[in-house]
Amino acid sequence: MSQTICGADCAQCWMKESCGGCVETDGRPFGGPCMVAACCRGRGQARCGECAGSACGLRAQLIAEFNALGIADMERVTDLNALRGASVNLAYPLPSGQTVKLLDDNKIYLGNQLHKKNSSRCYGLAADERFLLVCEYGDGGSEPEIVVYQKRF
């Protein structure tokens, strides 16, 4: 089993077969940076200590920022998970008819999926060191729409 910088349990991860390993790649398990590993390393930690899991200061800050957006029909954000960009990188249609992807497929973001109140649609959340993204979509990521894409505080 691979060791992680952030303390995640690789045995529980559905991407473990395609992952290069966190420690083995110096926090770049899919070739792109992992924001959680970067946070831990930025604090001078070879591995997360007090900031691992739900007590992570980075997670807490991002949760507060997502909740501060005040999206009326979005459930309150209570947790964020490490997500590979390729798993959540939807193609958003532009008015010109073109589509655009906003994430790096190989980067690890913090995010979550929340149900939209009184709707069959969901909200997808993703964040890194620089921005917050909230999108809305239907089953399997169909008909995605950007709700908020903004620089972080």
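The values are calculated or read from the model by the stated rules, or taken from the named source; none is laboratory data. What you see is a predicted model, and the numbers here were worked out from it, not measured in a lab. When we count neighbours, we look across all protein chains shown, and the Cβ atoms used for this are built from the backbone with ideal geometry, even at glycine.
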### Members of the stretch 137-153 that are within 15 Å of LEU114 (Cα to Cα) and surrounded by 12 or more Cβ atoms within 10 Å (Cβ to Cβ)
TYR137, GLY138, GLY141, PRO144, GLU145, ILE146, VAL147, VAL148
### Task
Search the stretch 126-136 for residues being surrounded by 17 or more Cβ atoms within 10 Å (Cβ to Cβ) and out of contact with any Gly (no Cβ under 6 Å at 6 or more places or on another chain), and hand back the single one that is modelled with the lowest pLDDT.
ASP128
### Query
Just a yes or no: is a residue in the stretch 117-125 assigned to a strand (DSSP E or B), surrounded by fewer than 16 Cβ atoms within 10 Å (Cβ to Cβ) and among the aromatic types (Phe, Trp, Tyr)?
no
## Note on the structure
THR78 passes all but one of the listed conditions (1) in contact with a Leu (Cβ under 6 Å, 6 or more places away or on another chain); (2) among the β-branched types (Val, Ile, Thr); (3) surrounded by fewer than 16 Cβ atoms within 10 Å (Cβ to Cβ); the exception is number (1)
### Task
From the list ARG41, ARG59, pick out the single residue that is modelled with pLDDT under 90, over 15 Å from the mean Cα position of the chain (by Cα) and not in a strand (DSSP E or B).
ARG41
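Restricting attention to the stretch 105-113, does a residue exist that is in a strand (DSSP E or B), of a type in the set (Phe, Trp, Tyr), in contact (Cβ under 8 Å) with a residue 60 or more places away in the chain and crowded, with 16+ Cβ neighbours inside 10 Å? Spell out the reasoning first.
Going through the stretch 105-113, the residues in a strand (DSSP E or B) turn out to be 108-113.
Still in the list and also of a type in the set (Phe, Trp, Tyr): 109.
Right, trim to in contact (Cβ under 8 Å) with a residue 60 or more places away in the chain and you get 109.
So of that shortlist, the ones also crowded, with 16+ Cβ neighbours inside 10 Å come out as 109.
Yes: the stretch 105-113 contains one or more residues that are in a strand (DSSP E or B), of a type in the set (Phe, Trp, Tyr), in contact (Cβ under 8 Å) with a residue 60 or more places away in the chain and crowded, with 16+ Cβ neighbours inside 10 Å.
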